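Undergrad: Before anything else, here's the structure in question.
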Amino acid sequence: MHPPISDENEWAVGWRIVLACAVANGTGIALLFYCFSLFLIPMSTDLGLTRADTGIVQSLIITAVLGAPVIGRLTDLFGFRPVYVVCTLLLVLIGLLQGLWVSGFWSLACTVALAGFVGGGSSSVALTQPINAHFRRYRGRALGLVGIGVSLTTILVPPFLEMVIAVNWRWGYLALAALSGLVGLPAVLLLMPRSAGQRAIRSGNGKLPHDWSFTRQRDFWSLSLANMIAGITTGGAISQLSPMIVEHGISSATAALGLSSFAAGQFAGKLGGGWLLDRFEPRRMAILMTIIPSLGFLVFTQADPGMVLLVLAACAMIGALSGADIDIYAYFVARRFGLAQYGSVFGALHGLGWIGTAAGITLFSATFTWTGSYAPAQYLAIGLLLVAAAMLAPVRLPALGPGHGKTDATPLPTGLDTL
């Protein structure tokens with residue numbers, strides 16, 4: 001891997017890497033994920049799909065569980081640039097198919113499943129690799145800035161996209177494909193130095209100095225399970241946030257503000273989370289950021305029409321973890337497992353995290369169906385967040401070395417933490 005420059009000059013070249021990755025993140029698979037609901041009504045009407053059909057189609061994004069480890073491994077083998085370029089071109093092709101070819105349930109389902117599988121190449125699975133390879137002292141802040149790329153486009157793009165879809169929903173898919181191919185791809189090719197995110201350093205026999213043995217490490221499973229458990233809570237909350245607010249007799253207008261508060265908290269979590277990881281002991285900050293949303297769920301269990309401001313604050317607290325999670329786990333994986341196997345480890349962790357998100361969506365909706373209230377799921381979410389926070393505490397982080405600001409000097413154990 002291309003060696004990083006000194007801490008003092010990380011931003012001299014690093015700003016180009018951060019900007020390119022932020023633009024790529026904001027125009028990749030995550031934007032399609034956040035905007036997909038805009039297509040549901042006109043697309044369902046035109047193709048004759050039921051809400052059950054579209055729900056199944058949306059759930060097929062879960063193919064990221066299989067795709068993320070593959071994309072991560074390919075990033076280790078070939079470097080960031082070729083993986084990003086190929087995956088982005090495939091996403092553009094998928095967008096063209098969705099706009100020009102899709103004619104029913106099965107063709108739509110196939111394109112969404114394929115997008116989920118290859119989408120890791122234009123998401124944090126690949127985009128955090130050149131950031132971690134270049135930055136040391138300001139790694140957390142750089143990861144946070146990359147994360148806000150999709151936050152900004154999620155604010156700016158939907159109003160424009162809704163106008164396009166109102167004319168013809170197929171044009172909406174073509175517009176998203178154009179953003180990926182004409183904005184995200186050129187940003188990476190023109191802005192990012194070719195040395196950024198090169199393939200991992202190989203040993204003397206030409207092989208990568210790692211394999212899948214990290215799956216036998218206790219710390220990998222601590223991080224993966226913490227990410228998965230926290231994903232149950234945030235995934236479930238965002239999928240049902242508006243009805244969760246309205247359930248307590250609060251107006252639908254306030255529910256809309258709740259979504260805005262969630263987005264604001266998410267934005268703050270991306271930037272603030274990265275800064276906290278750089279500035280203070282990372283594990284304590286990660287534990288704190290994981291516990292805080294439990295207060296938000298507690299507010300929801302006690303909410304009434306007179307607690308509007310507290311409910312909005314609760315939405316922001318839950319959103320903060322949704323924003324900071326990539327900062328936390330990308331940072332921890334790079335510190336704990338190094339860069340030679342970063343893509344493989346983070347890809348596997350990210351893929352497992354999708355299982356938690358899908359489980360949370362199912363849990364929260366099913367809880368209301370069975371009990372007529374979200375309270376049982378909210379109380380469970382409080383307990384799950386405490387468990388997730390506890391699982392982060394024993395993760396061992398090697399010191400960054402002299403000259404890197406605050407570090408965790410806990411030595412990396414040798415052979416004592418395998419399962």
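Undergrad: Kindly list, by first and then second residue, each pair from a residue in region 106-121 that is in the same structural domain as Val86 (by TED's automatic domain parsing) and free of Cβ contacts under 8 Å to residues at least 24 places away in the same chain to a residue that is surrounded by fewer than 23 Cβ atoms within 10 Å (Cβ to Cβ) and part of a helix (DSSP H, G or I), limited to pairs with Cβ atoms under 6 Å and residues at least 6 apart or on different chains.
TA: Thr111/Leu97
Undergrad: Scan the helices (runs of 4 or more DSSP H) fully inside region 59-149 and keep the ones with 3 or more residues being surrounded by fewer than 22 Cβ atoms within 10 Å (Cβ to Cβ).
TA: Details: elements: 64-78, 80-100, 105-118, 124-134.
Passing ranges, in order: 64-78, 80-100, 105-118.
Undergrad: Being in contact (Cβ under 8 Å) with a residue 24 or more places away in the chain and closer than 26 Å to Trp221 by Cβ narrows it down to one of Ala316, Ala358, Ala268, so name that one. Steps first, answer last, please.
TA: Details: Ala316 fails: closer than 26 Å to Trp221 by Cβ; Ala268 fails: closer than 26 Å to Trp221 by Cβ.
That would be Ala358, the only listed residue that is in contact (Cβ under 8 Å) with a residue 24 or more places away in the chain and closer than 26 Å to Trp221 by Cβ.
Undergrad: Looking at Val164, Val157, Val183, Val125 in this structure, which one is assigned by TED's automatic domain parsing to the domain that holds Ser59 and closer than 22 Å to Leu74 by Cα?
TA: Sole residue among the options that is assigned by TED's automatic domain parsing to the domain that holds Ser59 and closer than 22 Å to Leu74 by Cα: Val125.
Undergrad: Can you name the residue in region 41-55 that is in a helix (DSSP H, G or I) and modelled with pLDDT of 75 or more and, of all such residues, is surrounded by the fewest Cβ atoms within 10 Å (Cβ to Cβ)?
TA: Thr45
Undergrad: Can I ask one more? Please work out which one of (1) crowded, with 17+ Cβ neighbours inside 10 Å; (2) under 27 Å from Ala389 (Cβ atoms); (3) at pLDDT below 80 is the condition Leu259 fails and give its number.
TA: (1) is the only condition that Leu259 fails.
Undergrad: Checking the condition in contact with a Gly (Cβ under 9 Å, 6 or more places away or on another chain), assigned to a helix (DSSP H, G or I) and not small (Gly, Ala, Ser), which residue from Leu312, Leu288, Leu298 passes?
TA: Just a single option satisfies the conditions, and that option is Leu312.
Table: residues versus (1) closer than 21 Å to Leu190 by Cα; (2) at pLDDT 85 or above; (3) polar (S, T, N, Q); (4) touching a Phe, Trp or Tyr at 6+ places or on another chain (Cβ under 7 Å).
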site: Leu91; (1), (2), (3), (4): yes, yes, no, no
site: Gln98; (1), (2), (3), (4): no, yes, yes, yes
site: Leu108; (1), (2), (3), (4): no, yes, no, no
site: Thr128; (1), (2), (3), (4): yes, yes, yes, yes
site: Leu156; (1), (2), (3), (4): no, no, no, no
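Undergrad: Go through region 351-390 and give me each residue that's surrounded by 21 or more Cβ atoms within 10 Å (Cβ to Cβ) and in contact with a Phe, Trp or Tyr (Cβ under 9 Å, 6 or more places away or on another chain).
TA: Gly353, Phe364, Tyr374, Ala377, Gln378, Ala381, Leu385
Undergrad: Still on this structure: Name the single residue, out of those in region 158-208 being basic (Lys, Arg) and assigned to a loop (DSSP other than H, G, I, E, B), that is modelled with the highest pLDDT.
TA: Checking each candidate, the answer is Arg194.
The values are calculated or read from the model by the stated rules, or taken from the named source; none is laboratory data. Computed from a prediction, not measured in an experiment: that's the story for all the values here. We place every Cβ from the backbone using ideal geometry, glycine too, and count neighbours over all the protein chains shown.
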